[in-house]
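Visitor: First, the structure itself, so that you have it in front of you.
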Amino acid sequence: MEQLTSYQVQFKQQIDMEEVMKIHHFIVDSSYDLYLYQDHLIADVSNLPKLLSFFFYYNTDRPLVMIIDGKDVQYAYQRIMNICEEPIENCVVRRFHEANRDQTILV
């Protein structure tokens with residue numbers, strides 16, 4: 001069953017390049033889609049140039065939205081939280097949706 005979950009993430013400090021690369025490699029090597037959004041910035045985490053640009057311009061004083069799409073999004077969430085354990089101050093679920101193969105989710 002496909003799942004789509006969005007989280008509101010607040011960073012307490014800048015995320016470093018090693019963490020960004022670990023997140024990117026995890027997503028590229030998996031079947032998940034991960035998107036980051038803050039104000040006018042949006043990044044598909046599998047697209048490295050856009051991901052790097054996002055983290056160059058994002059603001060740690062305001063929360064960002066993280067959207068995970070795939071099967072068992074809780075597993076992906078835990079992996080990402082383990083990678084970013086130090087810089088994340090708070091992360092809460094905003095929305096959770098589950099769909100069968102015959103359903104479509106529009107965002």
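Visitor: Please go through the range 71-85 and give me each residue that is among the basic types (K, R) and modelled with pLDDT of 90 or more, ordered by number.
Guide: Matches in the range 71-85: R79 only.
Each row is one residue, and each column tells you yes or no for (1) touching a residue at least 24 places away in the same chain (Cβ under 8 Å); (2) assigned to a loop (DSSP other than H, G, I, E, B); (3) surrounded by 15 or more Cβ atoms within 10 Å (Cβ to Cβ).
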{"site": "L4", "(1), (2), (3)": "yes, no, yes"}
{"site": "Y7", "(1), (2), (3)": "yes, no, yes"}
{"site": "H25", "(1), (2), (3)": "no, no, no"}
{"site": "S31", "(1), (2), (3)": "yes, yes, no"}
{"site": "Y37", "(1), (2), (3)": "yes, no, yes"}
{"site": "S53", "(1), (2), (3)": "no, no, no"}
{"site": "N59", "(1), (2), (3)": "no, yes, no"}
{"site": "I67", "(1), (2), (3)": "yes, no, yes"}
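The values are calculated or read from the model by the stated rules, or taken from the named source; none is laboratory data. None of the values given here were measured: they were computed from a predicted structure. Cβ coordinates were reconstructed from backbone atoms using ideal geometry, including for glycine residues, and neighbour counts include every protein chain displayed.
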